[in-house]
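The values are calculated or read from the model by the stated rules, or taken from the named source; none is laboratory data. Owing to the predicted nature of the structure, the values given are computational and were not obtained by experimental measurement. Cβ placement follows ideal geometry from the backbone for every residue including glycine, while neighbour counts extend to all protein chains displayed. Heavy atoms of the whole protein, side chains included, go into the accessibility calculation; ligands, DNA and RNA do not. Shrake-Rupley method; radii C 1.70, N 1.55, O 1.52, S 1.80 Å.
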Amino acid sequence: MNIMHKTVDITLGDMLERIAANPELPLVFSYSGADIRPGYHVTEVKAGQFSALDCGANPETWSEIFVQLWDIEEGDRTHMSAGKFAAIVRKVSEHVRLDGSAKLTFEVSDGVMPMQLFCAGMPIVENGALKVALEPRPASCKPRDRWLTEQSASTTSCCGPSSVTNACCA
């Protein structure tokens, strides 16, 4: 995987904006050190509104969009274009309310192995394709994450280097 891929917790809007600039390019997801196979399918796009109580007894609410990818080889198919992916999302949005500011999560399986959850890096143009690096979505402690962010902000505001590395999907 290219080291230039910076994985962050992108939104559906971020993804669609980048696609709009490159609709003709093949859309290639990469995960677990390899590119998704050219026959992959978007099997499901779903939206969720979540309410929870974190480990510090703080109420949490968020929206999340899940895109399910079926990583298969199918005949002589090529990777779908970024524009086709956007068209699939548009079709779903005719029936399901999709919040463009919602966190984007990818569910990926080859149909044999269990589905895995991934967060995505910002799509980048690389070798004639729009590439999206997927990284496993880790568990996190939201109260700790908030505290680290506050510490980082106070350290940074004093012109000192930040000691916190923002991990994927914090």
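Can you give me the distance in nm between label points at residue 140 and residue 60, each placed 7 Å from the Cα along the Cα-to-Cβ direction?
Between residue 140 and residue 60, the simple spin-label model gives 0.9 nm.
Under 20 Å from a point placed 7 Å out from the Cα of residue 20 along the Cα-to-Cβ direction: which residues of the range 100-126 have their backbone N that close?
100-105, 121-125, by backbone N distance to the label point.
Which label belongs to the value computed from this structure, given these candidates for mean projected area of the Cα convex hull in nm²: (1) 10.3; (2) 11.6; (3) 9.6?
From the options (1) 10.3; (2) 11.6; (3) 9.6, the structure gives (2).
Under the Karplus relation 6.51 cos²θ - 1.76 cosθ + 1.60, θ = phi - 60°, what is the ordered set of whole-Hz ³J(HN,Hα) values for the range 134-147, x standing for Gly and Pro?
With coefficients 6.51, -1.76 and 1.60, one gets 9, 10, x, 7, x, 6, 8, 10, 4, x, 5, 4, 4, 4 Hz.
Kindly write out, for the range 78-86 in residue order, the coupling ³J(HN,Hα) from the Karplus curve 6.51 cos²θ - 1.76 cosθ + 1.60 (θ = phi - 60°), rounded to whole Hz, with x marking Gly and Pro.
10, 4, 5, 6, 4, x, 5, 4, 4
Skip the ligands, DNA and RNA, and give the accessible area per residue of the chain with a 1.4 Å probe, whole Å². Spell out each step's value before the answer.
On the way: 9620 Å² over 170 residues.
For the chain, the per-residue accessible area is 57 Å².
Express in Å², to the nearest 10, the accessible area of residue 91 obtained by rolling a 1.4 Å probe over the protein heavy atoms while all chains stay in place.
That residue has around 110 Å² of solvent-accessible surface.
Please compute the length gained on full extension between residue 110 and residue 87, using 0.36 nm multiplied by the number of residues separating them and subtracting their Cα-Cα distance. Walk me through the numbers on the way to the answer.
Numbers: separation 23, 0.36 × 23 = 8.28 nm, distance 2.29 nm.
Here the segment from residue 110 to residue 87 would lengthen by 6.0 nm.
List the residues, sorted by chain then number, that are 5 or more residues from residue 29 or on another chain and whose placed amide H is less than 5 Å from its amide H.
The answer is 36, 132.
Restricting attention to the range 1-98, which GluC sites (Glu not before Pro) occupy a DSSP loop and are surrounded by at most 10 other Cβ atoms within 10 Å?
Sites meeting the loop and neighbour criteria: 24, 94.
About its Cα centre, how strong a charge dipole does the range 1-155 have in debye, to the nearest 20, once Lys and Arg get +1 and Asp and Glu get -1 at the Cβ?
With only Lys, Arg, Asp and Glu charged at Cβ, the dipole is about 240 debye.
Rank these by accessible area, largest first, 1.4 Å probe: 119, 55.
Of 119, 55, the descending order of accessible area is 55, 119.
For the chain, what % of the accessible area comes from carbon and sulfur atoms, probe 1.4 Å?
57
Full extension from residue 32 to residue 76: what is 0.36 nm times the residue separation minus their Cα-Cα distance, to one decimal in nm?
13.5 nm
I want to make sure I understand the PRE zone here: with the label point 7 angstrom from the Cα of residue 125 toward its beta carbon, which residues in the range 18-33 have backbone N atoms less than 14 Å away?
18-27
What number, in percent, do you get for the relative contact order of the chain if the mean sequence gap of Cα pairs under 8 Å and at least 6 apart is divided by its residue count?
About 31 percent, as a whole number.
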